[in-house]
1. Of the residues 295, 262, 291, which is under 19 Å from residue 83 (Cα atoms) and either of a type in the set (Ser, Thr, Tyr) or not assigned by TED's automatic domain parsing to the domain that holds residue 62 (or both)?
2. Across region 163-188, what is the total count of residues that are without any contact (Cβ under 8 Å) to a residue 40 or more places away in the chain and at negative phi?
3. Suppose we filter 285, 239 for residues that are closer than 19 Å to residue 123 by Cβ and among the aliphatic types (A, V, I, L, M); which single one remains?
4. Condition (residue is over 16 Å from the mean Cα position of the chain (by Cα), in contact (Cβ under 8 Å) with a residue 40 or more places away in the chain, surrounded by fewer than 20 Cβ atoms within 10 Å (Cβ to Cβ) and part of a helix (DSSP H, G or I)) applied to region 119-141: is it met by at least one residue?
5. Take region 142-162 and flag every residue that is of a type in the set (S, T, N, Q) and either in a helix (DSSP H, G or I) or free of Cβ contacts under 8 Å to residues at least 12 places away in the same chain (or both).
6. Hey, can you tell me all the residues within region 198-214 that are part of a strand (DSSP E or B) and among the aliphatic types (A, V, I, L, M)?
Amino acid sequence: MPRLVGWIGVTAAAILTLSAAAVRAQLDSIPAGPIKIVTQQGPGGATITAMRLVTDRLEKRWGRPVTLVPQPGGGGLLAAKTAAEAAPDGRTLFMALASTFLVLPETHKSLPFDIARLTPVGFVGEVPMAVGVSAELPVTSLQELIALSKQRPGGLNVAAAFRGSLPDLTTELFRARSGAVITPIHYPGSAQAMTDIMSGRVPVLIEGLGGPLGSRQIKLLAIASPERLHSRPRIPTIAETVPGFAASGWYVLVAPPRTPATLAKRINADLRAVLAQPDVVQKFAELSTATRDYTPEQVADFIRAERRRWTPVVQRLKLNEDH
């Protein structure tokens, strides 16, 4: 009888060990069935193009449908809510723009969820901000633009996307750091901004590199990257005129709260493998987009550092829930 009891104990232990291993394997694997990646970015533009490129490659790598679902609205609030309330099983992910972490916590103090509890998965892309002017504006450098803004009564108007966006924050930071006399004009999309730029009503544009700033009707004056870009070596950085100035729009992949760390690391490894594929690297370069080979922990550190840097700017703009 003792031998039988001992055998039963060993068998039970083996079953428990196998069960634990099965659970770990499940947590470490990509879930079966379709996967949805929500984003606050609306259709169109270089950012959504890069996002779709990544989701297409992940679909091929995982062998299951991966759908990018644009869910604009509320400055990212709707997409963030979808992610925050989803099950932590890897079937719903969130391609979040910088404004989700930099602006929403400051403008919506009574959110029904905690953005900080979203699970960082991987860094996808970033695009440096840049300053351009209409072809008719009589300036050829950032120094001349700053000087002209101080000479003209009322200064100069700047197309700076929607209120609370990275272009808007960059415009405020540039105004404060450079002393330029500029007023941001907000638009729901780049097409409307380009109409006013072309007509000369709004002579300055601050936007992510590429897109409208790639138009021949826009003179590109400076880029907000820390150093000159290899793809545009003749274009100076803003930091050459305003020391230490740097700004970029970025987007990261996050998962719902309580997503297992093993699953986040597995998705992170696949994402980094996709972003390292030569055709993806080339396409990202064409879109003026770079990536960072970050672990989930490094993504979390990056988000915290960006919040520390931009929160004073957001507070200075006095944004509120009605923006």
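1. Answer to the check: 262.
2. Residues of region 163-188 without any contact (Cβ under 8 Å) to a residue 40 or more places away in the chain: 171, 175, 179-188.
Going one step further and asking which of them are at negative phi, we end up with 171, 175, 180-188.
So the count comes out to 11.
3. Details: 239 fails: closer than 19 Å to residue 123 by Cβ.
Within the list 285, 239, the selection yields 285.
4. Within region 119-141 (the criterion being over 16 Å from the mean Cα position of the chain (by Cα), in contact (Cβ under 8 Å) with a residue 40 or more places away in the chain, surrounded by fewer than 20 Cβ atoms within 10 Å (Cβ to Cβ) and part of a helix (DSSP H, G or I)), the answer is no, since none of the residues qualifies.
5. Let us first name the residues in region 142-162 that are of a type in the set (S, T, N, Q), namely 143, 149, 151, 157.
Correct list: 143, 149, 151.
6. First pass over region 198-214, keeping only residues part of a strand (DSSP E or B): 204-208.
Correct list: 204, 205, 206.
Residue-wise test of (1) among the small types (Gly, Ala, Ser); (2) modelled with pLDDT of 95 or more; (3) outside any strand (DSSP E or B).
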{"site": "216", "(1), (2), (3)": "no, no, yes"}
{"site": "219", "(1), (2), (3)": "no, no, no"}
{"site": "232", "(1), (2), (3)": "no, no, yes"}
{"site": "239", "(1), (2), (3)": "yes, yes, yes"}
{"site": "250", "(1), (2), (3)": "no, yes, no"}
{"site": "258", "(1), (2), (3)": "no, yes, yes"}
{"site": "265", "(1), (2), (3)": "no, yes, yes"}
{"site": "274", "(1), (2), (3)": "no, yes, yes"}
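The values are calculated or read from the model by the stated rules, or taken from the named source; none is laboratory data. Bear in mind that the values here come from a model prediction, so they are computed numbers and not experimental data. Glycine gets a Cβ as well: all are built from the backbone with ideal geometry, and neighbour counts include every protein chain shown.
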